Ligand code: MLT
């Protein structure tokens with residue numbers, strides 16, 4: 001058998017490699033605590049599970065669902081958007097159901113990119129952006145998220161010849177992996193830049209509901225006129241503990257939503273209608289569920305930041321998402337640091353270099369293990385893991 005040459009260039013998916021490492025260590029008898037993947041440990045809310053149970057029996061959901069998502073789901077998204085962001089979306093033209101936002105991000109690259117075209121991706125950034133652009137035949141240009149600017153990029157650093165060839169700019173706030181949260185003022189700059197350069201912005205808002213210290217994250221679609229230049233991807237995975245359910249949506253820019261929807265009609269047949277019915281239940285009760293999740297992750301964030309600071313780490317608490325992005329001590333690289341922590345303490349963290357070259361020098365800790373396991377991981381790290389020694 002011969003594989004496509006693009007497959008030869010496709011590295012193993014970061015989180016699949018981490019899973020393999022965890023399995024190997026467990027098989028060798030290590031009691032591994034994985035802070036590797038952002039996979040919420042809390043169960044999906046009971047009312048959402050109940051909505052699935054009831055809807056699963058309805059014959060209307062046993063045939064193909066509508067390609068663009070059920071009307072009930074798209075209307076629930078529109079209600080959520082008005083309540084949460086004060087933005088009115090047309091459920092017919094501006095909302096599309098996704099099999100999780102990862103799928104939408106990757107397929108959008110296929111809809112927009114072609115040889116010679118450039119996509120600007122954040123560095124560090126969720127690995128799917130760059131992989132999808134390269135698979136679609138486009139070129140990746142990495143835009144550094146500057147720690148000194150709160151992990152926001154400086155758009156003026158994008159050279160004019162890159163901007164001239166750019167079709168797509170990926171952004172993601174609250175940010176994976178850094179935990180940074182963007183302000184509406186930043187999104188205003190992004191929209192102005194995108195308009196000036198005729199570039200589609202794809203804002204990945206998978207963590208929109210997880211922010212701390214009572215500072216809700218804005219949507220880029222709150223910027224007046226943003227729907228002319230931006231599509232936003234949302235997910236129920238992280239906010240509602242639903243990673244296994246595979247449900248999210250794309251919204252905003254009507255032509256981009258239409259193109260993504262049209263592409264998807266050729267590739268998949270949508271999301272099981274009963275899952276969409278359960279998602280309606282989640283979205284209509286979003287505030288009570290996500291308030292609880294924000295409190296939980298804020299508590300865990302504070303424990304991690306305090307423990308790492310007590311070991312010498314220079315850390316600012318992240319404003320959102322479910323991660324702590326920590327520098328590795330001088331003299332270490334991120335893969336070596338993660339391997340040593342696993343070997344000495346049985347604790348898995350994600351090497352920052354997996355998020356792009358600017359992620360080198362960092363590791364990411366996910367806050368998605370129960371409190372007692374998180375405390376155990378931190379205690380083991382303190383007892384036998386590396387410490388932070390500035391030079
Ligand atoms: C993460 O941990 O960054 C993601 O949830 C993993 C993924 O989406 O594959």
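Where a number appears in this text, it was derived from the coordinates with a stated rule and is not lab data. Note that the structure is predicted; figures quoted are calculated from it, not measured. Here the Cβ is made from the backbone with ideal geometry for all residues, glycine too, and neighbour counts use every protein chain on show.
Would you work out the Kirkwood radius for the range 183-232? I mean one over the mean of 1/r across all pairs of different Cα atoms, in Å. Evaluated on the range 183-232, it is 11.3 Å.
The calculated FRET efficiency for the pair residue 213 and residue 30, based on their C-beta separation and a Förster distance of 41 Å, comes to about 0.70.
Over the chain, with a Gaussian network built from C-alpha contacts below 10 Å, which listed residue (267, 155, 236) shows the highest mean-square fluctuation? Judging by the Gaussian network model, the answer is 267. With a Förster radius of 25 Å, plug the Cβ-Cβ distance of residue 83 and residue 258 into 1/(1 + (r/R0)^6) and report the FRET value to the nearest 0.05. E between residue 83 and residue 258, to the nearest 0.05, is 0.50. Cβ crowding within 10 Å ranks 311, 242, 7, 293 as 7, 311, 293, 242, fewest other Cβ atoms first. With neighbours defined as other Cβ atoms within 10 Å of a residue's Cβ, the residues 154, 148, 123 order from fewest to most as 148, 154, 123. Value of Rg to Rh for the range 322-391, rounded to two decimals, is 0.95; Kirkwood radius and Rg both from alpha-carbon coordinates.
Across every direction, the projection of the convex hull enclosing the Cα atoms of the range 148-190 has a mean area of 3.4 nm². Look at the Cα gyration tensor of the range 112-177: its axes a ≥ b ≥ c give a/c of at least 1.5 with a/b at or below b/c, and that counts as oblate. In plain terms, the bigger the Kirkwood radius, the slower the diffusion; for the chain, with that radius from Cα pairs, at 4 °C and 1.567 mPa s, Stokes-Einstein puts D at 60 µm²/s.
So which residue, out of 363, 305, 257, gets the largest mean-square fluctuation from a GNM of the chain using Cα contacts under 10 Å as springs? Result: 305 has the largest fluctuation of those listed.
Between the range 299-376 and the range 16-86, the C-alpha centres lie 25 angstrom from each other.
Evaluating kT/(6 pi eta Rh) at 10 °C and 1.306 mPa s, with the Kirkwood radius of the range 275-317 over Cα pairs in the Stokes-Einstein relation, gives 128 µm² s⁻¹. Is any residue of the range 288-320 close enough, with backbone N under 19 Å, to a label point placed 7 angstrom from the Cα of residue 371 along the Cα-Cβ axis, and if so, which? Residues passing the 19 Å test: 289-308. Shape of the range 1-138 from the C-alpha gyration tensor: oblate (a/c of 1.5 or more and a/b not above b/c, with a ≥ b ≥ c the square roots of its eigenvalues).
Segment residue 50..residue 20, full-extension length gain: 7.5 nm, with 0.36 nm per residue of separation and the alpha-carbon distance subtracted. Both the radius of gyration and Dmax for the range 116-267 are 14.9, 44 Å, in that order, over alpha-carbon atoms. In the range 209-309, one over the average inverse separation of all distinct C-alpha pairs is 15.9 Å, which is the Kirkwood hydrodynamic radius. The modelled label-to-label distance for the pair residue 60/residue 309, using points 7 Å beyond Cα in the direction of Cβ, is 5.3 nm.
Residue separation of residue 39 and residue 192 scaled by 0.36 nm, minus their Cα-Cα distance, works out to 51.6 nm of gained length. Ranked for footprinting exposure by Cβ neighbours inside 10 Å, fewest first, 203, 197 give 197, 203.
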